[in-house]
Amino acid sequence: MLPILAATLLTDEPCMVRNVPRIKDVERLLELLQSIGVTHEWVGEHDLRVVARDAHVQTLDRKTFASLRGSILLWGSLLTRFRDVIIPEAGGDIIGNRPIDAHLSALQQLGATILQQNGSYHFSAPNGLTGALVILPEFSVTATEIALMAAVRAKGRTTIKIAAAEPHVQDLVAFLQKMGANIAGAGTHTLTIDGVSELRGADHAVIPDQLEVGTFAVAAAVTGGDVLITNIVADHVDLVRLKLHQIGVKTELTDHALRVTASYPLRAFRLQTFPYPGFPTDLQAPFGVLATQCSGTSLIHDPMYEGRLGYVHELVKMGANAVICDPHRVLVTGPTPLHGQEVKSLDIRAGATLLIAGFVADGETIIHDAEILDRGYEKFEERLAALGADIRRE
């Protein structure tokens, strides 16, 4: 969703973006865009009209930019549009070291000059960017999205190798194509872009969030629920469904919907995250709490971020039998009763995980810093309450 909002900077014409989640990260990015003269109007509950005709970089809200990790997605479109920009470093969740070398390298390979100074980056391409062979050092979603937004109006052809293929990268490609971009290879790890001189406005519906689908599926599985999750793209949750099946959770696909029904006993499992189409790193934490209710010892391996297992310490407070082997692997033995405790959200996915843990714990669970959930889930507690959860915000 955030990359598509960033891409609206690439045209002067109005863009209509549909199925937009009303989450904090979207609100803050809209505030950031508004600070540089981009206007937006909600024309429906989840439909947004964005116009960047009068955009100017001089009034960029540096404080908001520095506090929002997603603001890094503006690098490519800001440089393409203004050719010379000074941008603060971005913040983000506490999930470990998140190097941006791949992001910087992609822009440099397209001809940008980048200087780091006093907590900011000075990006410059006075004559515009030039198409080139861009080789990313890893399957970085954000670096791929930044490179795409920089390449679509660059002079000549760009080939991006080691590109990420996640559904939201494919969705950005679809939006850019509607704007008139010439891009081939969506869904593969090699993208070819023939630059165009200008892009037009577009009307686009954002794809459903497969991470949200997975989160609700785990919530249903761990509580013994029976939940129908609608508005899904089946292909995007293939491995989630497979893993649930291996654990013993029943799933059934209907037309754009997934029914999840718990079946006991649940079986221990091995899980390793990979770039798409592998198992998503953002869902290993919810599966971590599911492991506490499985018979046997589960191994979860997340090689991406060394801080992604911080939620395990909070689960242990609640009674989980878990051992962190190293910054990337955890062993969880179950089934183990969980008990209500005061715990802390460390990031969006950890917060959702602890919320799910609270559903199966005895007594009351208090989750501090729960506002982090609002960054990634719309009306999360309201929808969970509608499914029978006893939950309230204070």
Heavy-atom accessible area with a 1.4 angstrom probe orders 15, 325, most exposed first, as 325, 15
If ligands, DNA and RNA are left out, what is the accessible area of residue 276 with a 1.4 Å probe, given in Å² to the nearest 10? 50
Prolate/oblate/rounded call for region 17-68, Cα gyration tensor, a/c under 1.5 rounded: oblate
Quick one: how many Å² of residue 13 are accessible to a 1.4 Å probe, rounded to 10? 90
Between the Cα axis of helix 167-178 and the main Cα principal axis of the chain, the angle (0 to 90°, nearest 10) is 30
If you take every DSSP beta bridge whose two residues both sit in the chain, what share of them, in percent to the nearest 5, is antiparallel? 75
Net charge, residue 133 excluded, C-beta distance under 11 Å - Lys, Arg +1, Asp, Glu -1: +2
Using only Cα atoms, figure out Rg for region 161-220 and give it as a multiple of 2.2 N^0.38 Å. 1.38
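Pop out the carbon and sulfur fraction of the accessible area of region 26-123 as a percent, whole number, probe 1.4 Å. It would help to have the intermediate numbers written out before the result.
Values: 1930 of 4370 Å².
Answer for region 26-123: carbon and sulfur cover 44 percent of the accessible area.
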Theoretical ellipticity at 222 nm over the chain - DSSP helices of four or more residues, -39500 (n - 2.57) apiece, nearest 500: -9000 deg cm²/dmol
Residue 270 neighbourhood, Cβ < 12 Å, K/R = +1, D/E = -1, net charge +3
Report, in cubic angstrom per residue, the convex hull volume of the C-alpha atoms of the chain. 130
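How much accessible area per residue does the chain have, in Å², with a 1.4 Å probe? Numbers along the way, then the final one.
On the way: 16530 Å² over 394 residues.
Value returned for the chain: 42 Å² of accessible area per residue.
Based on the alpha carbons, how large is the Rg to Rh ratio for region 1-146 when Rh follows Kirkwood?
On the way: Rg = 15.0 Å, Rh = 15.7 Å.
My calculation puts Rg/Rh at 0.95.
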Keeping all protein chains in the complex and leaving out DNA, RNA and ligands, what accessible area do you get for residue 200 with a 1.4 Å probe, in Å² to the nearest 10? 120
Here the relative contact order (percent) of the chain, from C-alpha pairs under 8 Å and at least 6 apart, is 12
Summing +1 per Lys or Arg and -1 per Asp or Glu among the other residues with Cβ less than 14 Å from residue 105's Cβ gives -1
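Report the relative contact order of region 138-236, percent, no decimals, based on alpha-carbon pairs under 8 angstrom and at least 6 residues apart.
Normalised by residue count, the contact order of region 138-236 is 26 percent.
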Unit charges on C-beta of K, R, D, E only; dipole of the chain, Debye: 740
Using the beta-carbon distance between residue 108 and residue 392 and R0 = 51 Å, what value does 1/(1 + (r/R0)^6) give for FRET efficiency, to the nearest 0.05? 0.55
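With every protein chain kept in the model, how would you rank 298, 124 by accessible area, 1.4 Å probe, largest at the top?
Values: 298 0, 124 20 Å².
Greatest to least solvent exposure: 124, 298.
Got a sec? What order do 216, 274 fall in by accessible area at 1.4 Å, biggest, i.e. largest, first?
Largest to smallest exposure gives the sequence 274, 216.
The values are calculated or read from the model by the stated rules, or taken from the named source; none is laboratory data. These figures come from a predicted structure and were not determined experimentally. Please note: Cβ atoms are built from the backbone with ideal geometry, for glycine as well, and neighbour counts cover all protein chains shown. Surface accessibility is based on the protein's heavy atoms, side chains included, excluding ligands, DNA and RNA. Shrake-Rupley method; radii C 1.70, N 1.55, O 1.52, S 1.80 Å.
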